[in-house]
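First comes the structure, then the notes that go with it.
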Amino acid sequence: MSDPRLYWIGFNLVKGIGAVRFRALLEAFGSAEQAWQAPTDDLMASGLGAKVVQNLLQARKQVDLQQVWDSIQAQGITVLTWEDEAYPRRLREIDQPPPVLYLRGELTSEDEWAVAIVGTRRLTAYGRQVTEEIAGTLARSGVTIVSGLARGVDSIAHQAALNAGGRTLAVLGCGVDCIYPPENRRLAEQMLARGALLSDYAPGTPPDGPNFPPRNRIISGLSLAVVVVEAGLTSGALITATFAAEQGREVFAVPGNITAPQSQGANRLIQNGAHVLLSAQDVLETLNLTMVSQQRLARVALPSDPTEAQLFQALGRQPRHVDEICLSTGLPIEQVSATLALMELKGLARQVGGMNYVSVMEQGEEYHIEAAPETGG
C-alpha cells in the first residue's frame, strides 16, 4: 500500500495548485489520492481552470510518484502534510499554510518558542554585532532562531544560535537538498544536529528569485515574532515583516543610522509601529519568554485541568481584571488566582498590571486538557 503523502507530493509538483486549490480538491474528492486519480471532467467541475487541469494531467503522465517518493526516502528527507501531527502547529494556523513541508533534521516541541531574525545580505559591522548579540541571547534563553540561510544577517543569526548551544531552523527558497548559497553548506550541516532545514519546494528545486518572497511567510509563520536587524527599503526582510503583521505576530526592528541605506527599512518599520528593539530582553519580555525553560517543564509537570481550561476560555487579547474573570466563570477568587499563577508559569497567560490578565497563546491555537479520572460513587 502506497503512502498517502505520495499524492500530496504529486500535487506539490503541479504548477498552479497551491494551498487554496488543494484544499478545494480535498473537499471535492475526499483525499489527495482520489483527486489525483479523478477524471478530467470531475477535475473541471471541482473548480480548477483549464490550464491548471492541463498541468495536472501532464504531471500525471510524466511523474512517477513512487520513484519520487523512493528518492525522497533515500535522502532521509521527512515529508509533513496538514494531516500529520508533527506538522508545526503554529504554521498550521496561518492563512494558506503550505500543504507539504520537506524537512531535513528534526523539529521538536522546543521549537514552539521560536523567533525569526532576518535582514540584509550586506550588513554592516554594527548589524553583525547586533545580530550576534540578539540571536545568542535568545538562544541561550531557550528560544529557537528561525531565518532563511541567506548571506548576511540570516547566516550570522543561525551561527550565533549554534554557538550559544541553541536550536535554529532555516526555511529555504529551494529544495532542502539544494543548499544556497553554496558557501553555507557547512553551516547547514551543523544545523541538522540542532535544528532543521525546511522548504515547501520539492527536493531538486533549484534556487530561483521568485521562490524567496513566498517562503518568507513560512519564516514568520513558524515564529512568535520577527526581528528585523538591518534592511534596505527593498529588502526581503520587509516582506517577512509584512507577513508577520498579517499573521498576528509581533514585529521588532533595530534602529540604525538614518543616513545608512541598510537601516532605512528597519527605521521605517519603527516609524510604522514596529517595536523598537534595544536589546534581546525587549523580545523576551514582550513575548513573556523570560522563563522559557520553566514554562517547558511546567507544561510537562503540571497537567492541565478543567479549571485551567475554563480560565483559558475566559481570557483573550484584551486585558480582563481578575474580578471580572471570577464573575464570568463563577469561580472563587482563591481558585482563580492560584490557577492563573500556574498558567503564567506555563506561558499560557500574562498579568499586564493591576491584576489584569491576557492570553498568551495565539488565537485558534489548540488547547488540550487531560481528562480528570472518574471516581466511583
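The values are calculated or read from the model by the stated rules, or taken from the named source; none is laboratory data. Given the structure is predicted, the values throughout are model-derived calculations rather than measurements. Counting neighbours? That spans all protein chains shown, and the Cβs are built from the backbone with ideal geometry, glycine included.
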Among the residues of region 115-148, write down those that are within 19 Å of the chain's Cα centre (by Cα) and either surrounded by fewer than 24 Cβ atoms within 10 Å (Cβ to Cβ) or among the charged types (D, E, K, R) (or both). Ser141, Gly142
Can you report the number of residues in region 1-48 which are of a type in the set (D, E, K, R), touching a Phe, Trp or Tyr at 6+ places or on another chain (Cβ under 9 Å) and not in a helix (DSSP H, G or I)? 1
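Considering region 176-197 alone, what residues qualify as being of a type in the set (Gly, Ala, Ser) and at pLDDT below 95?
Passing the criteria: only Ala193.
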Scan the helices (runs of 4 or more DSSP H) fully inside region 265-377 and keep the ones with 3 or more residues being modelled with pLDDT under 75 and surrounded by 13 or more Cβ atoms within 10 Å (Cβ to Cβ). 292-301
I'd like to verify a number: residues in region 1-28 that are surrounded by fewer than 20 Cβ atoms within 10 Å (Cβ to Cβ), under 22 Å from Asp95 (Cα atoms), without any contact (Cβ under 8 Å) to a residue 60 or more places away in the chain and among the hydrophobic types (A, V, I, L, M, F, W, C), how many? 3
Do we find that Thr124 is closer than 24 Å to Pro261 by Cα and at pLDDT below 95 in this structure? yes
Out of all the residues in region 75-93, is one or more surrounded by 16 or more Cβ atoms within 10 Å (Cβ to Cβ), at pLDDT 95 or above and acidic (Asp, Glu)? no
Sort out which residues of region 192-237 are aliphatic (A, V, I, L, M) and under 17 Å from the mean Cα position of the chain (by Cα), and write them in order of number. Ala196, Leu197, Leu198, Ile218, Ile219, Leu222, Leu224, Ala225, Val226, Val227, Val228, Ala237
Return a yes/no flag: does region 80-101 have any residue that is outside the structural domain of Val276 (by TED's automatic domain parsing), touching a Pro at 6+ places or on another chain (Cβ under 7 Å) and either touching a residue at least 24 places away in the same chain (Cβ under 8 Å) or farther than 27 Å from Asp208 by Cβ (or both). yes
Provide a single number: the residues in region 61-74 that are in contact with a helix residue (DSSP H, G or I) (Cβ under 8 Å, 6 or more places away or on another chain) and either part of a loop (DSSP other than H, G, I, E, B) or surrounded by 13 or more Cβ atoms within 10 Å (Cβ to Cβ) (or both). 5
Show me the helices (runs of 4 or more DSSP H) entirely contained within region 175-255 in which 2 or more residues are buried (at least 24 other Cβ atoms within 10 Å of the Cβ) and in contact with a helix residue (DSSP H, G or I) (Cβ under 7 Å, 6 or more places away or on another chain). 212-221, 236-246
Is one or more of the residues making up region 94-104 at pLDDT below 95, over 22 Å from Gly173 (Cα atoms) and out of contact with any strand residue (DSSP E or B) (no Cβ under 9 Å at 6 or more places or on another chain)? no
